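The structure appears right after this line, and notes come after that.
The values are calculated or read from the model by the stated rules, or taken from the named source; none is laboratory data. What you see is a predicted model; the values in this text were computed from it and never measured. As a convention, Cβ positions derive from the backbone with ideal geometry for all residues, glycine included, and neighbour counts pool all protein chains shown. These area figures cover heavy atoms from the full protein model, side chains too; ligands, DNA and RNA do not enter into them. Shrake-Rupley method; radii C 1.70, N 1.55, O 1.52, S 1.80 Å.
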Amino acid sequence: QVQFVESGGGLVQPGGSLRLSCVASGSIFRFYAAGWYRQAPGKQRELVAHRTTGGVTNYADSVKGRFTISRDNTKNTVYLQMDSLKPEDTAVYYCNLEPARSDYWGQGTQVTVSS
């Protein structure tokens, strides 16, 4: 069993930056790929970035070049650095394994990009 606790969201102006953090409980986390997901109002949850245990990363086209996922297995933590934020990035952001486990979703952290 793994529990994820996300933090770091907030209100930011277009063009701004935020760094999200996600702390995972449970020792199995370091053996799996980790992903950041988001869900905007009225839309399905989508994968925006993931990182394998070996360091391979992949990004949704909508965030490529602006978001960077990283992880620190010594701290059981995965990060999402978000730069050049756009209003369409507004969503609740979650972390999970990749592929996601339905029973591992946390509360998420709200990111609002608005002037």
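Things to note:
- Note on region 24-46: residues that are closer than 19 Å to Leu97 by Cβ, open to solvent by 60 Å² or more (accessible area, probe 1.4 Å) and at pLDDT 95 or above amount to 4.
- Search result, residues across region 87-112 that are β-branched (Val, Ile, Thr) and open to solvent by less than 30 Å² (accessible area, probe 1.4 Å): Thr109, Val111
- The residues listed here are Val23, Val48; of these, the one that is closer than 22 Å to Gln1 by Cβ, assigned to a strand (DSSP E or B) and of a type outside the set (Ser, Thr, Tyr) is Val23.
- For the residues Val63, Val56, Val78, the requirement of being crowded, with 18+ Cβ neighbours inside 10 Å, free of Cβ contacts under 8 Å to residues at least 40 places away in the same chain and more than 12 Å from Leu18 (Cβ to Cβ) singles out Val63.
- Test: residue in region 50-65 that is within 13 Å of the chain's Cα centre (by Cα) and under 16 Å from Arg101 (Cα atoms): yes
- The listed residues are Gln39, Gln1, Gln44, Gln13, and the only one of them that is in contact with a Gly (Cβ under 7 Å, 6 or more places away or on another chain) and of a type in the set (S, T, N, Q) turns out to be Gln1.
- From the options Asp89, Asp103, residue that is closer than 16 Å to Ser17 by Cβ and among the acidic types (Asp, Glu): Asp89
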